[in-house]
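Below: one structure, written as structure tokens.
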Amino acid sequence: QVRLVESGGGLVQAGDSPRLSCVASGRTNNEPMGWFRQAPGNERRFVAATTWSGSSTFYSDSVKGRFTISIDNAENTVYLQMKNLKPEDTAVYYCAADPEGDYTSPDAWGYWGQGTQVTISS
């Protein structure tokens, strides 16, 4: 069983650069990890993903160039550095692990964190 715990959310200004963290425990496989987000009334949507080594990263078009995903293997932690925030980035951000298939689909991921709310104020 894999447990994922996110942190780093909250109320932020559009000019801030918050960093979300997700600590994975209990994992035995070095599988990719990712971030999704879900705004009120919307479905959960792909944000970014990384291989366990960090050598390959993937981003949705909506965050490419603004968000950066990274991973610290020694700490079993994946990060999402956010910058140039927009009001539409307001959402609950979820960490995910161990995908099978289309990594941009929430259905592909086997494990989820509880989510952390990020609210951007203008």
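The values are calculated or read from the model by the stated rules, or taken from the named source; none is laboratory data. Here the structure is a predicted model, which is why all the values come from computation and not from measurement. Cβ placement follows ideal geometry from the backbone for every residue including glycine, while neighbour counts extend to all protein chains displayed. For the accessible areas, the whole protein counts, side chains as well, though only heavy atoms, and no ligand, DNA or RNA atoms are used. Shrake-Rupley method; radii C 1.70, N 1.55, O 1.52, S 1.80 Å.
Considering each residue of the range 1-42, count those that are of a type outside the set (Gly, Ala, Ser) and outside any strand (DSSP E or B), and give that number.
Start the filter on the range 1-42 by keeping residues that are of a type outside the set (Gly, Ala, Ser), which leaves 1-6, 11-13, 16, 18-20, 22-23, 27-33, 35-38, 40, 42.
Next cut, outside any strand (DSSP E or B) only: 1-2, 16, 18, 27-32, 40, 42.
Selection size over the range 1-42: 12.
Taking the range 52-63 as the range and being modelled with pLDDT under 95 and either charged (D, E, K, R) or open to solvent by less than 50 Å² (accessible area, probe 1.4 Å) (or both) as the test, the residues that pass are Trp52, Gly54.
Looking only at residues that are under 20 Å from Gly41 (Cα atoms) and touching a Leu at 6+ places or on another chain (Cβ under 9 Å) in the range 64-117, which one is most open to solvent (accessible area, probe 1.4 Å)? Ranking the candidates gives Gln114 first.
Each row is one residue, and each column tells you yes or no for (1) modelled with pLDDT of 95 or more; (2) within 15 Å of Pro18 (Cα to Cα); (3) in contact with a strand residue (DSSP E or B) (Cβ under 6 Å, 6 or more places away or on another chain).
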{"residue": "Glu75", "(1), (2), (3)": "no, no, no"}
{"residue": "Asn84", "(1), (2), (3)": "no, yes, no"}
{"residue": "Glu100", "(1), (2), (3)": "no, no, no"}
{"residue": "Gly110", "(1), (2), (3)": "no, no, yes"}
{"residue": "Thr116", "(1), (2), (3)": "yes, yes, yes"}
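Among the residues of the range 43-76, those identified as in a strand (DSSP E or B) and of a type in the set (A, V, I, L, M) are Val47, Ala48, Ala49, Ile69, Ile71.
Residues checked against (1) of a type in the set (Gly, Ala, Ser); (2) more than 10 Å from the chain's Cα centre (by Cα):
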site	(1), (2)
Asp61	no, yes
Thr77	no, yes
Thr90	no, yes
Ala96	yes, no
Glu100	no, yes
Ser121	yes, yes
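If you filter the range 24-50 down to residues that are among the β-branched types (Val, Ile, Thr) and at pLDDT 95 or above, you find that the one that is surrounded by the most Cβ atoms within 10 Å (Cβ to Cβ) is Val47.
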